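The values are calculated or read from the model by the stated rules, or taken from the named source; none is laboratory data. Keep in mind that this is a model prediction, so the values were computed, not measured. Note that each Cβ is placed from the backbone with ideal geometry, even for glycine, and that neighbours are counted across all protein chains shown.
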Amino acid sequence: MPKEPVQHQARPSEKEAGAERSEPLVHQHAREIQAFGRIAKLSIALDEKTCLASIDLLNQILADSMTLRDLYKKHHWQVSGGTFYQLHLLFDKHYNEQVNLVDAIAERIQLLGGISIAMAADVAETTMIPRPPRGREEAPVQLSRLLEAHELILEESRAAARLTAEAADYGTNDLLVSQVIRTNELQVWFIAEHLVDVPLVRADSAKAPTT
Ligand SMILES: [Fe+2]
């Protein structure tokens, strides 16, 4: 007959210690380690005043970019009509590009020692982009809304690019010029061309020059 394996009997003190160490420490609360608007400066050879000014500018652009990002997803889901497939794909492509911009802006704020806006409620309180209705809108209205949001972001990004160059915060300036401004300008082109009212199949012969 095979011998029964000898079971190690844990002593009560061992049991308690084992359970203690594997138990998740849930429901923990504490004071925040950095208040919003306060700076925890890193050694990047930029003074606190310069960092604070750039953080303020970037947080506004961040809130507006997050709103534009979400506007693209709303329109990706809700678009309808003859150009459905094309716009459905284009809106998602632009959404993903805005996701990358949002991450780059937010991480720039953190490395400047600031705190990036993150949650939807804070974004809603901060953004300058008008709130769209919950309902569905026609494609031309969706496109117009996107163009207006892009223009607002481009205006504030160009102003911020000028100010950060003057303050010698070239890292922020480069992010704004090379990524935020260029991406938004390119997206404007792709959206705006959908609003040019040209015939799709039959040329408008009424407007042809007479010979
Ligand atoms: Fe999708």
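Looking for whichever is within 16 Å of the ligand (Cβ to nearest atom), of a type in the set (S, T, N, Q) and either part of a helix (DSSP H, G or I) or touching a helix residue (DSSP H, G or I) at 6+ places or on another chain (Cβ under 7 Å) (or both) here; the options are Q110, Q98. Which one fits? Spell out the reasoning first.
Details: Q110 fails: within 16 Å of the ligand (Cβ to nearest atom).
Checking each option against the conditions leaves just Q98.
Regarding V79, is this residue among the β-branched types (V, I, T) and modelled with pLDDT under 95?
no
Going residue by residue through region 81-90, is there one that turns out to be surrounded by 13 or more Cβ atoms within 10 Å (Cβ to Cβ), free of Cβ contacts under 8 Å to residues at least 24 places away in the same chain and more than 24 Å from E155 (Cβ to Cβ)?
The first filter runs over region 81-90 and keeps only residues surrounded by 13 or more Cβ atoms within 10 Å (Cβ to Cβ), leaving 83, 87-88, 90.
Still in the running and free of Cβ contacts under 8 Å to residues at least 24 places away in the same chain: 88.
This time we only want the ones that are more than 24 Å from E155 (Cβ to Cβ), so: 88.
Within region 81-90, one or more residues are surrounded by 13 or more Cβ atoms within 10 Å (Cβ to Cβ), free of Cβ contacts under 8 Å to residues at least 24 places away in the same chain and more than 24 Å from E155 (Cβ to Cβ).
If I ask for residues that are assigned to a helix (DSSP H, G or I) and surrounded by fewer than 17 Cβ atoms within 10 Å (Cβ to Cβ), which ones from region 189-211 would you list?
Scanning region 189-211 gives W189, F190, A192, E193, H194, L195, S205, A206, K207.
Which is assigned to a helix (DSSP H, G or I) and over 20 Å from the mean Cα position of the chain (by Cα), of L186, L163?
It is L163.
Quick one: which residue in D70, D92 is in contact with a helix residue (DSSP H, G or I) (Cβ under 7 Å, 6 or more places away or on another chain), more than 23 Å from G171 (Cβ to Cβ) and within 16 Å of the ligand (Cβ to nearest atom)?
So the residue among D70, D92 that is in contact with a helix residue (DSSP H, G or I) (Cβ under 7 Å, 6 or more places away or on another chain), more than 23 Å from G171 (Cβ to Cβ) and within 16 Å of the ligand (Cβ to nearest atom) is D92.
Considering every residue within region 141-154, establish whether at least one is in a helix (DSSP H, G or I), farther than 25 Å from V79 by Cα and charged (D, E, K, R). It would help to see each step written out before you state the result.
Initially, region 141-154 is screened for residues in a helix (DSSP H, G or I), giving 141-154.
Now drop any that are not farther than 25 Å from V79 by Cα, which leaves none.
Looking through region 141-154, none of the residues is in a helix (DSSP H, G or I), farther than 25 Å from V79 by Cα and charged (D, E, K, R).
Does region 114-134 contain any residue that is β-branched (V, I, T), away from the ligand (no atom under 16 Å from the Cβ), in a helix (DSSP H, G or I) and closer than 17 Å to Q187 by Cβ? First the steps, then the outcome.
First pass over region 114-134, keeping only residues β-branched (V, I, T): 115, 117, 123, 126-127, 129.
Checking which are away from the ligand (no atom under 16 Å from the Cβ) leaves us with 115, 117, 123, 126-127, 129.
Now restrict to residues that are in a helix (DSSP H, G or I): 123, 126.
Adding the requirement that they be closer than 17 Å to Q187 by Cβ leaves none.
No, every residue in region 114-134 fails to be β-branched (V, I, T), away from the ligand (no atom under 16 Å from the Cβ), in a helix (DSSP H, G or I) and closer than 17 Å to Q187 by Cβ.
Mind listing just one residue for me: the one in region 160-170 that is hydrophobic (A, V, I, L, M, F, W, C) and without any contact (Cβ under 8 Å) to a residue 60 or more places away in the chain and, of those, surrounded by the fewest Cβ atoms within 10 Å (Cβ to Cβ)?
By that ranking, first place goes to A165.
Please go through (1) in contact (Cβ under 8 Å) with a residue 12 or more places away in the chain; (2) surrounded by 11 or more Cβ atoms within 10 Å (Cβ to Cβ); (3) not basic (K, R) for D56 and return the number of the only condition it doesn't satisfy.
(1)
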